[in-house]
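Each remark here refers to the structure printed beneath this line.
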Amino acid sequence: RLETRLSRRRLAVLAVFSCYSLVNAFQWIQYSILSNVFAGFYGVSFTQIDWLSMVYMVAYVPLILPATWLLDARGLRLTALLGAGLNALGAWLKCGSLAPQRYPLTLAAQAVCAVAQVFILGLPSRIASVWFGPTEVSTACAVAVLGNQLGTAIGFLLPPVLVPNTPNDIDLMAHNISIMFYGTAIVSTLLFFLTGVVFEEKPKYPPSHSQAVLQTKPPEDYSYKQSIINLFRNIPFILLLISYGIMTGAFYSVSTLLNQMIVTHYEGEEVNAGRIGLTLVVAGMVGSIICGLWLDYTKTYKQTTLIVYILSFIGLLVFTFTLDLGYLIVVFVTGGVLGFFMTGYLPLGFEFAVEITYPESEGTSSGLLNASAQIFGIVFTLVQGKLTTDYSPRAGNIFLCAWIFVGIILTALIKSDLRRHNVNSGIMNLDVKAVPVDSPVDPESTALKIQSAL
């Protein structure tokens, strides 16, 4: 068997990535949670404020393929630096938009942060695979995903505290916004420098046999175009791509329209609507960690994914038919259960994709999953929003339930071929000619030879 070791640096890499992913998610939500404040400050409509959040979704889909190509061609370190650097640049540009007539500048700044997101969302599974061993890889992926969720949670809590609505004192409002913007910019810049110090392309020794096998292959053997073709020829991955998009897109839609659903049945409860949204996110963070730990312990990828999918479906049904009972505490409980399973699914999807697509690039499979989620999220939000407005929140939620049921069927059809796990277990039955190599490759790594035990 190949020599493998765990690097102590891996924890620092994971921590720094999680932190700048957190800040990126915080910058996404900081406008929409204060939509009335920013609409009044910039003198624009609520639709224009909504675009400050929607730009994240719009930017992701066309840029994901160039971003995953860059990750494969130039490596993890450069991609991480781009994500952290653009995050900081967008934060500083916002500091220049602290005047009522500067909405275009703040939109441009948010667009820069949206581009940064493209270099962030696809990295959890790559960081986990390159830096962490077989018994901790799923937990590491869950922690990396957790950073983004925690940023959303902080985005629900902190901006309303920092920027209270003072419509009669625009100067005070600008001062409060500046505290939030400058604070975010300083933290983002610090994390950019930490990324430069902490991130390396890969550890000196591979953490697992599956990574050791990848590192024995010369870079010229890898074709990004062929990798994409291989992924789209992989029927289990296509089924997962669609089912992941349905589940995550449904979660995006529920999160976006939650305020509208709550206020329809509980007039004047905007504050509690925000708290219910926070409950969804926090419960989802717990779900992500538990699911990651469970995968590392059992390696039951398909079974766990299917069970979580079914429980999410049941959770959404219960949420739908108890929403109008008149008891907010019931909505808190059902919303928390829904968030636990729907968000807990995120690292499951990433890790299951890596298993069934090995030896293809983790960044490419994760990027395509995220792109699917963004597309379904946009469509579901538009359709559910229309149904909610024209009929009722129940009609919109039943629409999502029907799609999630389709996702259950697709998940049940996925063939569970755990390729990466087989290699780590010493079962070598794959052709790895088209495997991407973490660039640049150390001579020491390329010198590794596959022993007869594999």
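Below is a table of values for the structure above.
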{"read-out": "Region 58-124-region 136-162 distance, computed between alpha-carbon centres (Å)", "value": "18"}
{"read-out": "Relative contact order (percent, whole number), region 8-200, Cα cutoff 8 Å, 6+ residue spacing", "value": "38"}
{"read-out": "Ordering of 59-67, 112-120, 148-156 by burial proxy (mean other Cβ atoms within 10 Å per residue, highest first)", "value": "112-120, 148-156, 59-67"}
{"read-out": "The chain: calculated mean residue ellipticity at 222 nm from DSSP helix runs of at least 4, using -39500 (n - 2.57)", "value": "-26000 deg cm²/dmol"}
{"read-out": "Which labelled figure in (1) 24.5; (2) 30.7; (3) 20.1 is mean projected area of the Cα convex hull in nm², once derived from the coordinates", "value": "(3)"}
{"read-out": "Built amide H within the under 5 Å cut-off of residue 200, gap 5+", "value": "none"}
{"read-out": "Relative contact order (percent, whole number), the chain, Cα cutoff 8 Å, 6+ residue spacing", "value": "25"}
{"read-out": "Between 0 and 90°, nearest 10: helix 362-390 axis offset from the chain longest Cα axis", "value": "30"}
{"read-out": "Linear extension gain, residue 267 paired with residue 169, 0.36 nm per residue minus alpha-carbon span", "value": "32.5 nm"}
{"read-out": "Simple label model, 7 Å out from Cα along Cβ direction - residue 286 to residue 161, nm", "value": "2.1"}
{"read-out": "Gain upon complete extension [residue 405, residue 226; 0.36 nm per residue less C-alpha separation]", "value": "61.1 nm"}
{"read-out": "Per-residue HN-Hα couplings for region 70-80 [Karplus 6.51, -1.76, 1.60; θ = phi - 60°; Hz; x = Gly/Pro]", "value": "4, 4, 6, 7, 10, x, 5, 4, 5, 4, 5"}
{"read-out": "Per-residue ³J(HN,Hα) for region 279-287, Karplus 6.51 cos²θ - 1.76 cosθ + 1.60, θ = phi - 60°, Hz, x for Gly and Pro", "value": "4, 4, 5, 5, 4, x, 4, 5, x"}
{"read-out": "Cut-off 16 Å (backbone N to label point 7 Å along Cα→Cβ of residue 391), residues of region 247-268", "value": "261"}
{"read-out": "Protection proxy ranking of 296-302, 335-341 - average other beta-carbon atoms within 10 Å, highest first", "value": "335-341, 296-302"}
{"read-out": "Mean Cβ neighbour count within 10 Å, used as a protection proxy, ranking 325-331, 135-141, 201-207 highest first", "value": "135-141, 201-207, 325-331"}
{"read-out": "Region 273-426, accessible area per residue, ligands and nucleic acids excluded (1.4 Å, Å²)", "value": "36"}
{"read-out": "R0 of 22 Å, Cβ-Cβ distance residue 383-residue 242: FRET efficiency to nearest 0.05", "value": "0.85"}
{"read-out": "In order through region 23-33: 3J(HN,Hα) via Karplus (6.51 cos²θ - 1.76 cosθ + 1.60), integer Hz, x for Gly, Pro", "value": "5, 5, 5, 4, 5, 5, 8, 5, 7, 5, 6"}
{"read-out": "Extension gain from residue 330 to residue 413, taking 0.36 nm per residue of separation minus the Cα-Cα distance", "value": "26.4 nm"}
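The values are calculated or read from the model by the stated rules, or taken from the named source; none is laboratory data. Since the structure is predicted, the reported quantities are computational estimates derived from the model, not experimental observations. Quick reminder, even Gly has a Cβ in these numbers, built from the backbone with ideal geometry, and neighbours come from all protein chains shown. Quick note on the areas: whole protein, heavy atoms, side chains included, nothing else; ligands and nucleic acids left out. Shrake-Rupley method; radii C 1.70, N 1.55, O 1.52, S 1.80 Å.
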